[in-house]
Every structure is written in C-alpha cells, then in structure tokens.
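Beneath this line is the structure, given in structure tokens, with notes to follow.
All of the numbers you see were taken from the coordinates with simple rules; none came from a lab. Just so you know, these numbers come straight off a predicted model, no measurement behind them. Every residue, glycine as well, gets a Cβ built from its backbone with ideal geometry; the counts of neighbours run over all protein chains shown.
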Amino acid sequence: MASSTALAASGTSGTSAETEMDPGHGPDSRAAASTANRGQFRYDGGQQAARASMRGRLSVSKDQVVSAPDKSFAKLDRDGDGMISAGESTSSRPVLTQFDRADQNGDRMLSATEFDALVASFEEEMAE
C-alpha cells in the first residue's frame with residue numbers, strides 16, 4: 001500500500017487507489033462474477049430456507065399451482081423481482097422438475113408468461 005505522503009503528492013486518495021487495484025470490488029466485479037457463473041445452478045435462499053423447502057414447509061403442489069396460479073407465483077417468487085429463479089423453484093417439486101422445459105428463453109428465470117404456459121401444461125396433464 002502506498003504511503004499517505006505519496007498518495008497526497010499524486011492527488012489520489014488511498015481508498016480509490018485501493019479499490020482500483022483490487023479486482024474484487026467495484027461496479028464491474030458483480031457483472032463479471034455473474035457472467036463467469038452463467039449457466040451454473042445457484043440457490044438464492046439461505047440455509048434455513050433450503051432446509052424448510054426440502055422438508056416441504058414451503059412447498060407448492062401442482063394442485064396449488066393450477067388452482068391458484070397468481071398466489072403460487074407470488075409464493076415462489078421469494079425475492080419479489082417478478083421472476084422465479086431456478087433456486088426459487090426448489091420450493092415446488094412440479095415446477096422444479098419442469099423448470100428447464102418451461103424456461104423458453106433459457107435465462108434460468110421463469111417470467112409470468114412462462115409460468116402461465118407451465119400452468120396450462122399442468123392443467124392439460126391433470127385433465128387426461
């Protein structure tokens with residue numbers, strides 16, 4: 001780390017110099033990490049949410065998805081961003097097992113339109 005005298009002489013503060021030298025910080029680091037991990041499954045919730053989901057406490061059944069799709073979407077969309085991520089879909093076994101088929105654009109997120117198409121396919125399966 002540069003001395004404060006050298007930094008003062010150069011007109012640079014220690015904080016910005018450190019940030020510029022540290023590739024793990026700054027506005028581009030999150031985008032770079034996101035790009036580097038694209039296509040890999042990553043669970044968005046914490047350990048307690050994962051355990052509760054696996055025990056079925058947060059589960060959403062196929063019947064619930066079909067009978068109340070808006071409520072089911074809201075329950076699955078835990079971060080409230082209007083999309084269901086692959087990690088969020090772990091709260092519903094039927095949604096999780098059909099996630100890749102329902103994700104029509106391959107962005108690892110289900111939009112409301114993609115979710116509606118999934119609900120329609122569930123309704124067709126249940127009618128047979």
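Candidates are the residues of region 107-128 that are touching a Gly at 6+ places or on another chain (Cβ under 9 Å) and either exposed (fewer than 15 other Cβ atoms within 10 Å of the Cβ) or of a type in the set (D, E, K, R) (or both); the one that is nearest to Phe73 (Cα to Cα) is Ala112. Could you please let me know if Met83 is surrounded by 17 or more Cβ atoms within 10 Å (Cβ to Cβ), touching a Leu at 6+ places or on another chain (Cβ under 7 Å) and more than 24 Å from Ala127 (Cα to Cα)? For Met83, the condition - surrounded by 17 or more Cβ atoms within 10 Å (Cβ to Cβ), touching a Leu at 6+ places or on another chain (Cβ under 7 Å) and more than 24 Å from Ala127 (Cα to Cα) - is met. Residues in region 59-80 that are surrounded by 13 or more Cβ atoms within 10 Å (Cβ to Cβ) and polar (S, T, N, Q) were compared, and the one that is farthest from Ala127 (Cα to Cα) is Ser59.
Counted as qualifying within region 57-128 are the helices (runs of 4 or more DSSP H) with 2 or more residues that are at negative phi and hydroxyl-bearing (Ser, Thr, Tyr), namely 112-127.
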